[in-house]
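Read the structure below first, then the notes.
The values are calculated or read from the model by the stated rules, or taken from the named source; none is laboratory data. Just so it is clear, the structure is predicted and the values come from calculations on it, not from any experiment. So basically every Cβ, Gly included, is an ideal-geometry build from the backbone, and we count neighbours across all protein chains shown.
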């Protein structure tokens, strides 16, 4: 399994609107992609900036390509992202998942 992590920053005043936007766009597309295995969405606020960190889980690099395109290191964006994001981070990070557990048992 592979974890793909993306980070973005939005004005804190738009944090809830961005969450709703994410659910309509990226989160829906992740779930519709064969080979998608799960997601962790984190948000924290520092002053007037809300940070979002999305870690998606994928069965393989081929599955990531179905979502992201041939160069899986490039972040995928949507046209309306510029209405929310303070900048577009160009790349994402990938890591081999050694353990993933929910519910208290590893």
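Taken over the range 50-75, the residue count meeting the criterion of being within 15 Å of residue 8 (Cα to Cα), surrounded by 14 or more Cβ atoms within 10 Å (Cβ to Cβ) and free of Cβ contacts under 8 Å to residues at least 60 places away in the same chain is 6.
Across the range 29-43, which residue is surrounded by the fewest Cβ atoms within 10 Å (Cβ to Cβ) among those that are in contact with a helix residue (DSSP H, G or I) (Cβ under 8 Å, 6 or more places away or on another chain) and farther than 19 Å from residue 99 by Cα? Only one residue tops the list, namely 34.
Of all residues in the range 84-106, those being without any contact (Cβ under 8 Å) to a residue 24 or more places away in the chain and surrounded by 11 or more Cβ atoms within 10 Å (Cβ to Cβ) number 1.
A quick yes/no check of all residues on (1) more than 20 Å from residue 80 (Cβ to Cβ); (2) under 14 Å from the mean Cα position of the chain (by Cα); (3) assigned to a helix (DSSP H, G or I); (4) at pLDDT 95 or above:
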position	(1), (2), (3), (4)
9	no, yes, no, yes
16	no, no, yes, yes
23	no, yes, yes, no
29	no, yes, yes, no
42	yes, yes, no, yes
45	yes, no, no, yes
54	no, yes, no, yes
62	yes, no, yes, yes
66	yes, no, yes, yes
